[in-house]
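**Q** Take this structure, written in C-alpha cells, and hold onto it; I'll ask about it next.
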Amino acid sequence: MIQKLPDEIYSKLRKVLTSPFRVVILTHINPDGDAIGSMLGMYWFLKNRGCTVNMAVPNEIPQFLIWMEGAEQILDFRGQQQQVEEEMGRADLVFCLDFNEPDRIGNIKDILETSNALKILIDHHPHPADFTDFMISIPPASSTAELIYKFILDLDGKKGITKTIAECLFVGIMTDTGSFSFNSSEPGTWHAVAAMLEAGIDKDNIHSLVYDNFTEARMRMLGYSLQEKMIVMPQHRTAYIYLSREELDKFNHLSGDTEGFVNYPFSIKGIRVTALFLEKKNHVKISFRSKGSFEINRFASKYFNGGGHNNAAGGESKDNMDITIKKFETLISKYSDEINLAP
Ligand code: 5GP
Ligand code: MN
C-alpha cells in the first residue's frame, strides 16, 4: 500500500535537511502510542543528523508511555507554554505528526498558525486540512510511525533506523494496530517491523512495557466498567461503557488508564460499534470504534464534533453524561440498519 513516499517532497526536503536546523515536533492532544512513538522516532533521527530538536504536546503524556527514551524531553504546553512559544519562534522547521487539522493540537494551534517556520505534516488520518507547506498524508497506512519509518529509510537508508528509533516506531505501529490485530494486513507494515527487529528491538519487552505496566486500581476499574458500566444494545450490534468523574477518581485514574477500554465490547459476538464515554470537567470525552464499513469518523464528526479514522474516532459533548448517552442511543437506533447491514 505504501510504496514510495512522494518524490518531490524528498528532493526539497533533502536540501532543507542538509544543514543542522532548529526543529519543533508537534503531535495531537491526548497523545497515544503512535503520536509519542512517531514524535520520538523523528526526534532521535533529527538529533542524529545534528539538528536542535524540541517536542511539544498540548497535554500530558499517558503513564504507559513515559518509559520511552526521550519522553522526559517533551514539553507539555500547559506547564511550559513560554518555552514552547520561544522554541516555535526560533524554529526553522515544524513537523506536525499524527494529526490532520490544527484544532487537534489545542492551544498550540495559534502559535503554529503565526509561525514562519516551514511546516511539514506526516499523518494517516483521512481528509487532512491544508495548513502545512509539505504534506505526507497516507490514510491507508497502519500508523504515522510506519510513515516515519519510510521517511527515514528514504532519506538515510536502513542505517538511519537505529535501535532507539526502531523502539519508538515499533510502539507506534503496535499500539495503532491493536498489537497487529487490525490495520496491519499490508506486507509493508511487516517489512518495517522486520527491519526494526534487525535493528535490535526487544519486541516482547516493549509489548510488556506498554501493556503490562498499569496499576492494580486500573485493572479493577476495567473489571468494574465491564461488570457495572457496560450497556449492550444487541439489536443495534452496539455496546458502550460510561464512567463518571467520581468513578474515575475512585480508581485513582491516571492519564492513559482507560486506553483500550473501548475495544473490550468487541469480544461480544456480533458487536460492530463500541463507544467509551468519560466525564471530564466541562465535557464528556468520547471514543468510538466500528468494525466493517460503517464509518464511525463521519458519525463522530457529524454529531459529536470529532473525527478520526473510518473505524476509530473520537469526539466530545458539552451536554452532561445522561443527555450525551441518550443522544448516542437515539442516533444508534437511527443508524441501526446501516450498522446491521454494513459489510
Ligand atoms: P481515541 O478514541 O483513541 O482517543 O482516538 C481514536 C482516533 O480518533 C485517533 O485517531 C484520534 O486521533 C481521533 N480522535 C480522537 N478524539 C478526536 C476528536 O475529538 N477530534 C478528532 N478530529 N479526532 C479525534
Ligand atoms: Mn496514529
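Throughout, read-outs are computed from the coordinates displayed, never taken from laboratory work. Computed from a predicted model, the values in this text were never measured in an experiment. Counting neighbours? That spans all protein chains shown, and the Cβs are built from the backbone with ideal geometry, glycine included.
**Q** Between S19 and T114, take the C-beta separation as r, use R0 = 30 Å, and let me know the FRET efficiency to the nearest 0.05.
**A** Details: r = 25 Å, r/R0 = 0.83.
So the FRET efficiency works out to roughly 0.75.
**Q** May I pose another question? Could you check the simple spin-label distance between D7 and E329, using points 7 Å along Cα→Cβ, in nm with one decimal?
**A** A separation of 5.8 nm, rounded to one decimal place.
**Q** Using 0.36 nm times the number of residues separating Y303 and D337, minus their current alpha carbon distance, what extension gain do you get? Kindly include the intermediate steps, with their values, before the conclusion.
**A** Values: separation 34, 0.36 × 34 = 12.24 nm, distance 1.79 nm.
Extra length available between Y303 and D337 comes to 10.5 nm.
**Q** For segment 195-343, take the convex hull of the Cα atoms, compute a quarter of its surface area, and give me that in nm², please. All intermediate terms of the calculation are to be shown ahead of the outcome.
**A** Numbers: hull surface 41.3 nm².
Value for segment 195-343: 10.3 nm².
**Q** Follow-up question, since we're still on this one. Mind sorting D130, D202 by how few other Cβ atoms lie within 10 Å of their own Cβ, fewest first?
**A** Working: D130 7, D202 13.
Result, fewest neighbours first: D130, D202.
**Q** Take peptides 91-100, 152-161 and line them up by average Cβ neighbours within 10 Å, highest first, as a rough protection proxy.
**A** My ranking of the peptides, most packed first, is 91-100, 152-161.
**Q** May I pose another question? Starting from the Cα of D204, step 7 Å along the direction of its Cβ; do the same at K159; then give the gap between the two resulting points in nm.
**A** 3.3 nm
**Q** Take segment 176-223, drop everything but the C-alpha atoms, weight them equally and run the Debye formula without solvent; then report log10 I(q)/I(0) at 0.15, 0.22, 0.25, 0.30 Å⁻¹ to two decimals.
**A** -0.55, -0.88, -0.99, -1.13
**Q** How big is the charge dipole of the chain about its Cα centre, in debye rounded to the nearest 20, if each Lys and Arg gets +1 on its Cβ and each Asp and Glu gets -1 on its Cβ?
**A** Numbers: 36 positive and 45 negative charges, 98 e Å.
So the dipole magnitude of the chain works out to roughly 460 debye.
**Q** Could I ask something else about it? Between segment 216-241 and segment 25-51, what is the separation of their alpha carbon centroids in Å?
**A** Spelled out, the Cα-based centre of one part sits 33 Å from the other.
**Q** On to the next question. Using only the alpha-carbon atoms, what does segment 61-112 span along each of its principal axes? Please give whole angstrom values in decreasing order.
**A** 29, 23, 20 Å, listed from the longest principal axis down.
**Q** Here is a follow-up. In debye, nearest 20: dipole of segment 7-211 around its Cα centre with unit charges on the Cβ of K, R (+) and D, E (-)? Don't jump to the answer; show the numbers that get you there.
**A** Details: 16 positive and 29 negative charges, 127 e Å.
The calculation lands at about 620 debye.
**Q** Using only the alpha-carbon atoms of segment 7-211, report the extent along each of the three principal axes, biggest first, to the nearest angstrom.
**A** Extents along the principal axes, in whole Å: 41, 37, 33.
**Q** Which aspartates and glutamates, on any chain, are close to K250 with Cα under 14 Å apart, when same-chain ones fewer than 8 places away are left out?
**A** Once the sequence-local aspartates and glutamates are set aside, what remains near K250 is E216, E279.
**Q** Mind ranking 24-37, 50-63 by how tightly packed they are, going by the mean number of other C-beta atoms within 10 angstrom, highest first?
**A** Working: 24-37: 26.1, 50-63: 19.4.
The densest-packed peptide leads the list: 24-37, 50-63.
**Q** What three numbers, in Å, describe the spread of the alpha carbons of the chain along their principal axes, ordered from the longest?
**A** Projected onto the principal axes, the Cα atoms of the chain cover 59, 43, 39 Å.
**Q** Which far-off residues, 5 or more places away or on another chain, put their amide H under 5 Å from the one on M230, with H placed in the peptide plane?
**A** Sorted by chain and number, the residues that satisfy this come to none at all.
**Q** Within segment 260-280, which residues have the backbone N less than 18 Å from the label spot 7 Å out from Q235 along Cα→beta-carbon, could you tell me?
**A** Correct set: 270-273.
**Q** Order the peptides 131-140, 300-309 from the highest to the lowest mean number of other Cβ atoms within 10 Å of their residues.
**A** On the way: 131-140: 17.1, 300-309: 18.7.
Taking the mean over residues of other Cβ atoms within 10 Å, the ranking is 300-309, 131-140.
**Q** Using unit Cβ charges (K, R positive; D, E negative) and no other charged atoms, how large, in debye to the nearest 20, is the dipole of segment 244-283 about its Cα centre? Don't jump to the answer; show the numbers that get you there.
**A** On the way: 6 positive and 6 negative charges, 44 e Å.
The calculated dipole for segment 244-283 is roughly 200 debye.
**Q** Pick out which of E279, E228, E69 has the largest mean-square fluctuation in a Gaussian network model of the chain, springs linking Cα atoms closer than 10 Å.
**A** E228
**Q** Label-point separation (nm) for D103 and I268, each offset 7 Å from Cα along Cα-to-Cβ?
**A** Here the modelled spin labels are 3.0 nm apart.
**Q** I'd like to know which of F277, Y240, A312 lies farthest towards the positive end of the charge dipole of segment 216-341, counting +1 on Cβ of Lys and Arg and -1 on Cβ of Asp and Glu.
**A** So the residue we want is A312.
**Q** If I take R0 = 22 Å and measure r between the Cβ atoms of N213 and K47 in this structure, what FRET efficiency does the formula 1/(1 + (r/R0)^6) give, to the nearest 0.05? Before the final figure, lay out each step's value.
**A** Values: r = 26 Å, r/R0 = 1.18.
Between N213 and K47 the formula returns 0.25.
**Q** For segment 81-181, what is the convex hull volume of the alpha-carbon atoms per residue, in Å³? Spell out each step's value before the answer.
**A** Values: hull volume 12.5 nm³, N = 101.
Dividing the Cα hull volume of segment 81-181 by its residue count gives 124 Å³.
**Q** Antiparallel as a % of all DSSP beta bridges within the chain, to the nearest 5?
**A** Working: 19 of 46 bridges.
Bridges in the chain that DSSP calls antiparallel: roughly 40 percent.
**Q** Something else: Which one, I105, P128, V210, projects farthest toward the positive side of the charge dipole computed for the chain from Cβ point charges (K/R +1, D/E -1)?
**A** Selected residue: P128.
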